[in-house]
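Reading through the structure tokens given below for one structure.
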Amino acid sequence: MTVDFGNGIGRVTDDSRAAEKGTRFLHTKLNARYLKEAIDRGAEAIAPKELIEALGMDGLEVVGITGTNGKTTTAAAIYSLLLDLGYRAALQGTRGLFINDEKVEEKSLTTPPSLATIAHMFEAFRRGAEFFVMEVSSHAIEQERIEGIDFSLKIHTNITSDHLDYHGSVEAYRAVKSSFFSDESRKLVNRDEEILEFNVKNAYSYGIENAATYKVMAYTLGGGVSGVLKHFETVVPFETSLQGHFNLYNITAAISAVHILTDEDLGEICEAAENFGGVAGRMEVVSEKPLVIVDFAHTEDGIRQVLDSLKEKEVRVVLGAGGDRDRSKRPKMGRAAASIAKKVYLTSDNPRSEDPAAIIEEIAAGIEDKTKIEKIVDRRKAIVRAIEEMQPGEALLVLGKGDETWQEVAGRKIPFDDREVVRQILARQAESG
């Protein structure tokens, strides 16, 4: 990638093949072995922190959110609350880059390479943003893609188990997440989780079960997430249309973060929370009658959380697992789904280079009661079958892909949107009477 920052900085690249006299080479952990080649080509080396300082983005406060689940919703809620309160803000993450309520770039990595993030920060600063809210993945922490960024606030949602294909073990994964919170910068941690290790200096907390800086005193989940939040002597109510116990944590983290960042009246922040409708593909209600919900859940914990939010209903689940990713989580995902669901339709997710039928067998291995399973490799057919078999009052959860609009199969991206597929199936059913 090559970016022309102008501003006395000029062209900066992280690709040694594009390095030449007059350009600067952003050297990072990922491209360190190409540093000599870039210099030999005439480029001047520059580190991320040096570039950030040279760009002079004074006043831009960077907020980083990390966790196994909840990053996208929490980041989006913070961004939404800041805009509603009259601040100018940017959001970088799984869903793309947004600046002041405008979508600037489409989806990319949860946390892009260092140069892309710095370019996004500079563009946000150039457009007058006061806050830059970003999702921070475990890969980005390990690979130092956030090197040189001074975070105004770091936020922890939760840590369960994911990406073990990359990190090797749960312990290593947790250690990487914990390392993000080891410095003395301001941090906001989930008090109901004891797994995270963090530097207590400048630490704030939020929670439901345990004492915290921001403590949910009471809550209800019927018809949306609402509750009463206590911060020292201040006690204020909040109400949202979000669904699920896990979203109670997400919105509490977002309200708390915005209060720390802005020092605005906590009651006004809670009032603004009512305007946040959630994130596409995260507990997205595609149909109310019958109740069909699409969600991105693709970990054991994520699946349990989504199912728990509908435990008062009989639930059917359409579920697959991504290919060329952590295989150890597949039987756990199956076990989590079958522990609550009435029936689980095992199907393809993004099989990539793997055989989808083999992936299905690995998910099925975690399900003891095989009578609960139906294996249908074709994802569209699996959704059709699930909808056809739904009984009055039941709910259907289509899990794993969320708002993705494609399926990745054998190196090709094939158009496929769970939400559109559900709408098409229901429309055909309505036409046929």
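The values are calculated or read from the model by the stated rules, or taken from the named source; none is laboratory data. Worth saying up front: this structure is predicted, and the values here are computed from it rather than measured. A quick note on method: Cβ atoms are made from the backbone with ideal geometry, for glycine too, and the neighbour counts reach across all protein chains shown.
Structure summary
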quantity: Per-region count, the range 237-267, residues part of a strand (DSSP E or B) and surrounded by fewer than 18 Cβ atoms within 10 Å (Cβ to Cβ); calculated: 2
quantity: Candidates 297, 338, 357, filtered to the one that is touching a residue at least 60 places away in the same chain (Cβ under 8 Å) and on the phi < 0 side of the Ramachandran plot; calculated: 297
quantity: Check on residue 272, more than 19 Å from residue 190 (Cβ to Cβ), among the aliphatic types (A, V, I, L, M) and assigned to a helix (DSSP H, G or I); calculated: yes
quantity: Close pairs (7 angstrom Cβ cut-off, 6 or more residues apart or separate chains): in the same structural domain as residue 116 (by TED's automatic domain parsing) in the range 48-59, surrounded by fewer than 13 Cβ atoms within 10 Å (Cβ to Cβ) and among the charged types (D, E, K, R) anywhere; calculated: none
quantity: Options 220, 262, 234; residue that is of a type in the set (S, T, N, Q), at pLDDT below 95 and more than 20 Å from residue 158 (Cα to Cα); calculated: 220
quantity: Residues being at positive phi and of a type in the set (Lys, Arg) - total across the range 39-60; calculated: 0
quantity: Residue check, residue 351 touching a Ser or Thr at 6+ places or on another chain (Cβ under 7 Å) and either buried (at least 19 other Cβ atoms within 10 Å of the Cβ) or farther than 15 Å from residue 418 by Cβ (or both); calculated: no
quantity: Residue in the range 54-67 that is among the polar types (S, T, N, Q) and touching a Phe, Trp or Tyr at 6+ places or on another chain (Cβ under 9 Å) present; calculated: yes
quantity: Scan of the range 19-37 for residues that are without any contact (Cβ under 8 Å) to a residue 24 or more places away in the chain, within 25 Å of residue 56 (Cα to Cα) and surrounded by 13 or more Cβ atoms within 10 Å (Cβ to Cβ), ordered by number; calculated: 20, 23, 25, 27, 31, 35
quantity: Scan of the range 91-112 for residues that are more than 17 Å from residue 66 (Cβ to Cβ), touching an Asp or Glu at 6+ places or on another chain (Cβ under 8 Å) and surrounded by 16 or more Cβ atoms within 10 Å (Cβ to Cβ), ordered by number; calculated: 97, 99, 104
quantity: Leading residue by the ranking (surrounded by the fewest Cβ atoms within 10 Å (Cβ to Cβ)) among those in the range 405-429 that are more than 22 Å from residue 309 (Cα to Cα) and among the acidic types (Asp, Glu); calculated: 420
quantity: Checking residue 11 against (1) farther than 22 Å from residue 154 by Cβ; (2) surrounded by fewer than 16 Cβ atoms within 10 Å (Cβ to Cβ); (3) in contact with a Gly (Cβ under 9 Å, 6 or more places away or on another chain), the condition it does not meet; calculated: (2)
quantity: So residue 279, is it touching a helix residue (DSSP H, G or I) at 6+ places or on another chain (Cβ under 8 Å), touching a residue at least 60 places away in the same chain (Cβ under 8 Å), under 16 Å from residue 246 (Cβ atoms) and crowded, with 23+ Cβ neighbours inside 10 Å; calculated: yes
quantity: Elements of type strands (runs of 3 or more DSSP E) contained in the range 7-58, each with 3 or more residues being closer than 18 Å to residue 117 by Cα and modelled with pLDDT of 95 or more; calculated: 11-13, 24-26
quantity: Qualifying residue in the range 366-381 (condition: outside any helix (DSSP H, G or I), in contact (Cβ under 8 Å) with a residue 24 or more places away in the chain, closer than 19 Å to residue 426 by Cβ and among the acidic types (Asp, Glu)); calculated: yes
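Results for (1) modelled with pLDDT under 90; (2) in a loop (DSSP other than H, G, I, E, B); (3) surrounded by fewer than 23 Cβ atoms within 10 Å (Cβ to Cβ), shown as yes or no for each residue.
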residue: 293; (1), (2), (3): no, no, no
residue: 313; (1), (2), (3): yes, yes, yes
residue: 322; (1), (2), (3): no, yes, yes
residue: 335; (1), (2), (3): no, no, yes
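Let's see how each residue does on (1) within 27 Å of residue 190 (Cα to Cα); (2) aliphatic (A, V, I, L, M):
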position	(1), (2)
71	yes, no
85	yes, yes
100	no, no
107	no, no
123	no, no
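Residues checked against (1) closer than 22 Å to residue 69 by Cβ; (2) in the same structural domain as residue 291 (by TED's automatic domain parsing); (3) touching a His at 6+ places or on another chain (Cβ under 9 Å):
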{"residue": "203", "(1), (2), (3)": "yes, no, no"}
{"residue": "231", "(1), (2), (3)": "no, no, yes"}
{"residue": "234", "(1), (2), (3)": "no, no, no"}
{"residue": "253", "(1), (2), (3)": "yes, no, yes"}
{"residue": "257", "(1), (2), (3)": "yes, no, no"}
